1. For segment 6-54, which positions are exposed (fewer than 13 other Cβ atoms within 10 Å of the Cβ), out of contact with any helix residue (DSSP H, G or I) (no Cβ under 8 Å at 6 or more places or on another chain) and modelled with pLDDT of 90 or more?
2. Return the residues of segment 17-56 that are out of contact with any Pro (no Cβ under 9 Å at 6 or more places or on another chain), of a type in the set (A, V, I, L, M, F, W, C) and part of a helix (DSSP H, G or I); say none if nothing qualifies.
3. Among residues belonging to segment 57-87 that are under 17 Å from T29 (Cβ atoms) and not charged (D, E, K, R), point out the one that is modelled with the lowest pLDDT.
4. May I ask you to list the residues in segment 76-97 that are more than 25 Å from T37 (Cα to Cα) and loosely packed, with under 11 Cβ neighbours inside 10 Å?
5. Of everything in segment 57-91, what is assigned to a helix (DSSP H, G or I), out of contact with any Gly (no Cβ under 9 Å at 6 or more places or on another chain) and in contact (Cβ under 8 Å) with a residue 40 or more places away in the chain? Give them in sequence order.
Amino acid sequence: MSGLLALLPVYAAAQDADAGREIARRWCTACHVVERTATEAPANGLPTFPAIAARVDLSSDQLRAAINPQHSRMPDLALSKRQQDDLIAYIFSLRAR
C-alpha cells in the first residue's frame, strides 16, 4: 500500500488538466470549442471538447491516437507525451459529473 501512495504524486504530475487547458487554448481553439461555456465556435463542423468528453466510450488511448499527427485532419502540433497527457486530462475534466 505504501508503494502505491508513493506513486500518487508521479501520477498526478503526469496529468495536469490546467496545463492541458492552456494547451487547448493555445493550439486547439482555431478548430475546436475547448471551453465548457464557450459562446462562439468556428464554423467547421468539428466536435467541441465538451462533446468529445461526453463520449463515455472514448478512452485516453483513442484520444491520443486522434491527437497523433498521422490523424488525417489534425495538424502536427508536435506535442510531447506529457503535453498529450495534460490535454487528455483537460478533455476528460469536461465530462459531466
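1. R25, R26, A51
2. A17, A19, I23, A24, C28, F49, A51, I52, A53
3. M74
4. Within segment 76-97, D76, A78, S80, K81 meet the criteria.
5. Within segment 57-91, just R82 meets the criteria.
The values are calculated or read from the model by the stated rules, or taken from the named source; none is laboratory data. Nothing here was measured: the structure is a model prediction, and the numbers come from that model. Virtual Cβ from ideal backbone geometry, glycine too; neighbours counted across all protein chains shown.
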